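Have a look at the structure below before the remarks.
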């Protein structure tokens with residue numbers, strides 16, 4: 001009755017391990033320690049070119065993180081308003097939000113990036129980084145909006161009624177009662193989106209943003225060491241996403257259940 | 001109390017759910033301090049009627065006035081009126097993300113702008129009254145159903161309402177917990193609170209009710225004192241209902 005724990009499963013990020021998931025956990029361990037092990041092996045026993053690579057790439061990792069974090073922050077704001085718009089009783093706001101979601105979901109992210117960067121770039125000059133962040137958050141805002149909407153709708157009707165009966169209006173009810181509870185429900189899918197977004201930032205390497213992948217390309221095109229370079233890039237992405245998925249899993253358990261079970 | 005203006009005045013109210021006539025031309029006056037118990041088979045419209053009083057259900061025809069304010073008036077501030085109307089739900093509906101104490105203090109702090117310390121003082125006094133102050137820092141999920149419902153009553157009281165609405169407050173409870181909730185309600189009645197109670201607890205109706213209202217198929221079939229009601233029920237449908245339930 002008082003249970004309203006709903007899990008929403010959206011996203012294509014790395015699987016988030018939980019305590020109960022022994023199988024997943026060992027898969028995570030295998031992947032993680034495998035990746036870290038290979039990384040150390042390559043650096044220690046083949047310092048040329050891997051040590052050089054590991055010194056060359058971190059600038060790109062930093063950019064990747066910068067794009068990811070800026071884009072996710074912006075996408076959360078866009079997503080919150082989109083989600084609220086999607087459940088709005090105002091038909092115009094509702095239509096705008098729904099259309100935005102439909103349009104964004106119907107256009108590949110790479111095309112959106114090109115569009116904002118090159119097509120709109122003909123009219124407005126936007127710095128590379130900013131264009132990348134805007135494009136990513138424009139796209140992910142729509143997905144995030146769906147996550148927010150699902151999270152808000154998963155909250156039991158009785159919560160709303162109890163809040164109304166105390167005298168709260170719709171906005172107060174949303175802010176004080178519904179959203180705080182919805183946030184717990186949407187944490188796992190938001191974590192998933194975060195990881196998916198981090199991986200998708202590799203697309204901005206096509207623009208002039210020197211993220212991890214682009215740094216790799218630069219290194220490879222100078223040294224012609226394609227195999228070594230992309231092995232390293234892949235391992236670094238893998239380690240980052242695995243760490244993130246672990247963090248999301250831990251956060252999920254912490255935020256957890258407010259005394260439930 | 002004769003001649004006093006009713007604190008709740010329900011006039012010719014009808015409500016439809018699609019084709020279904022949930023309320024059919026219902027009129028009912030409730031006086032300040034009165035305890036009215038609404039009974040009836042499920043689907044009779046008794047919960048719907050209760051929920052129209054604080055506009056959790058809108059009405060399609062008729063009018064409802066609470067404390068002199070017409071709810072159907074466009075200018076009426078429903079949120080203000082709701083502050084005067086405490087409501088207790090069948091499924092408790094405590095805020096899951098707040099502790100017991102904060103369930104009680106949220107609305108007074110945000111809506112009545114009461115200082116946090118004062119709101120907490122009031123909350124603790126109310127929790128003592130419903131016998132659950134020691135659980136103030138628990139989350140709702142850590143409490144039994146009976147405890148949750150007592151907290152829910154205290155939460156409604158924290159807004160210092162003039163009227164308390166109870167929508168089948170014991171129907172979701174295990175039998176051994178019904179008593180603790182009814183005790184709280186009986187005490188509240190003794191303090192003179194105006195109460196409208198939808199319930200299946202006939203013992204409570206008999207002990208506390210000033211007036212019992214029997215509803216069926218969206219209509220009020222019979223109204224009377226509990227003595228009259230349980231000893232000489234007039235309407236055959238009421239007699240049948242009482243036979244089934246007692």
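The values are calculated or read from the model by the stated rules, or taken from the named source; none is laboratory data. Keep in mind that what you see is a predicted model, and the values were worked out from it rather than measured. Note: ideal-geometry Cβ built from the backbone for every residue, glycine included; neighbour counts use all protein chains shown.
If you scan the stretch A:35-58, which residues turn out to be surrounded by fewer than 14 Cβ atoms within 10 Å (Cβ to Cβ) and assigned to a helix (DSSP H, G or I)?
Of everything in the stretch A:35-58, those that are surrounded by fewer than 14 Cβ atoms within 10 Å (Cβ to Cβ) and assigned to a helix (DSSP H, G or I) turn out to be A:37, A:40, A:41, A:44, A:45, A:47, A:48, A:51, A:55, A:58.
Could you check, for the stretch B:158-173, whether at least one of its residues is assigned to a loop (DSSP other than H, G, I, E, B), within 22 Å of residue B:26 (Cα to Cα) and touching a residue at least 24 places away in the same chain (Cβ under 8 Å)?
Yes, the conditions are met somewhere in the stretch B:158-173.
Could you check the stretch A:89-182 for helices (runs of 4 or more DSSP H) lying wholly inside it with 1 or more residues that are more than 14 Å from chain B (Cβ to nearest Cβ)?
Helices (runs of 4 or more DSSP H) meeting the threshold: A:91-106, A:109-114, A:128-153.
I need the full set of residues from the stretch B:132-142 which are under 22 Å from the mean Cα position of the chain (by Cα) and modelled with pLDDT of 95 or more, in order please.
B:140
Answer yes if at least one residue in the stretch A:202-209 is in contact with a helix residue (DSSP H, G or I) (Cβ under 7 Å, 6 or more places away or on another chain), within 14 Å of chain B (Cβ to nearest Cβ), part of a helix (DSSP H, G or I) and more than 16 Å from residue B:98 (Cα to Cα), and no otherwise.
So far as the stretch A:202-209 goes, no, none of its residues is in contact with a helix residue (DSSP H, G or I) (Cβ under 7 Å, 6 or more places away or on another chain), within 14 Å of chain B (Cβ to nearest Cβ), part of a helix (DSSP H, G or I) and more than 16 Å from residue B:98 (Cα to Cα).
Between a first residue in the stretch A:51-75 that is under 17 Å from residue A:134 (Cβ atoms) and a second residue that is not in a helix (DSSP H, G or I), which pairs have beta carbons less than 6 Å apart while being 6 or more apart in sequence or on different chains?
Qualifying pairs under 6 Å: A:63/A:210; A:63/A:211; A:64/A:211.
Among residues belonging to the stretch B:116-142 that are under 21 Å from residue A:157 (Cβ atoms) and buried (at least 18 other Cβ atoms within 10 Å of the Cβ), point out the one that is nearest to the other protein chains (Cβ to nearest Cβ).
B:139
Can you tell me how many residues within the stretch B:65-99 are touching a helix residue (DSSP H, G or I) at 6+ places or on another chain (Cβ under 7 Å) and either in a loop (DSSP other than H, G, I, E, B) or within 13 Å of chain A (Cβ to nearest Cβ) (or both)?
So the answer is 17.
Among the residues of the stretch B:100-115, is there at least one that is more than 9 Å from chain A (Cβ to nearest Cβ), over 24 Å from residue A:169 (Cα atoms) and modelled with pLDDT of 95 or more?
No, every residue in the stretch B:100-115 fails to be more than 9 Å from chain A (Cβ to nearest Cβ), over 24 Å from residue A:169 (Cα atoms) and modelled with pLDDT of 95 or more.
I want to confirm something. Restricting to the stretch A:245-260 and keeping residues that are surrounded by fewer than 19 Cβ atoms within 10 Å (Cβ to Cβ) and assigned to a helix (DSSP H, G or I), which single residue is farthest from the other protein chains (Cβ to nearest Cβ)?
Applying the filter and picking the extreme gives A:246.
Taking the conditions exactly as written (within 14 Å of chain A (Cβ to nearest Cβ) and under 16 Å from the mean Cα position of the chain (by Cα)), does residue B:201 satisfy them or not?
When the stated conditions are applied, residue B:201 does not pass them.
Any idea which of B:182, B:188 is closer than 27 Å to residue B:46 by Cα, free of Cβ contacts under 8 Å to residues at least 40 places away in the same chain, in contact with a strand residue (DSSP E or B) (Cβ under 8 Å, 6 or more places away or on another chain) and surrounded by fewer than 24 Cβ atoms within 10 Å (Cβ to Cβ)?
B:188
Hey, any hits in the stretch A:62-85 for a residue that's surrounded by 14 or more Cβ atoms within 10 Å (Cβ to Cβ), outside any helix (DSSP H, G or I) and out of contact with any strand residue (DSSP E or B) (no Cβ under 6 Å at 6 or more places or on another chain)?
No, the stretch A:62-85 has no match at all.
Residue B:52 passes all but one of (1) without any contact (Cβ under 8 Å) to a residue 60 or more places away in the chain; (2) away from chain A (no Cβ under 14 Å); (3) crowded, with 18+ Cβ neighbours inside 10 Å; which number fails?
(2)
Return yes when residue B:42 is out of contact with any strand residue (DSSP E or B) (no Cβ under 9 Å at 6 or more places or on another chain), over 24 Å from residue A:170 (Cβ atoms) and either part of a strand (DSSP E or B) or free of Cβ contacts under 8 Å to residues at least 60 places away in the same chain (or both) and no when it is not.
So residue B:42 fits the description; yes.
Could you say which residue among B:14, B:63, B:27 is surrounded by fewer than 17 Cβ atoms within 10 Å (Cβ to Cβ), in contact (Cβ under 8 Å) with a residue 12 or more places away in the chain and over 19 Å from residue B:198 (Cβ atoms)?
B:63
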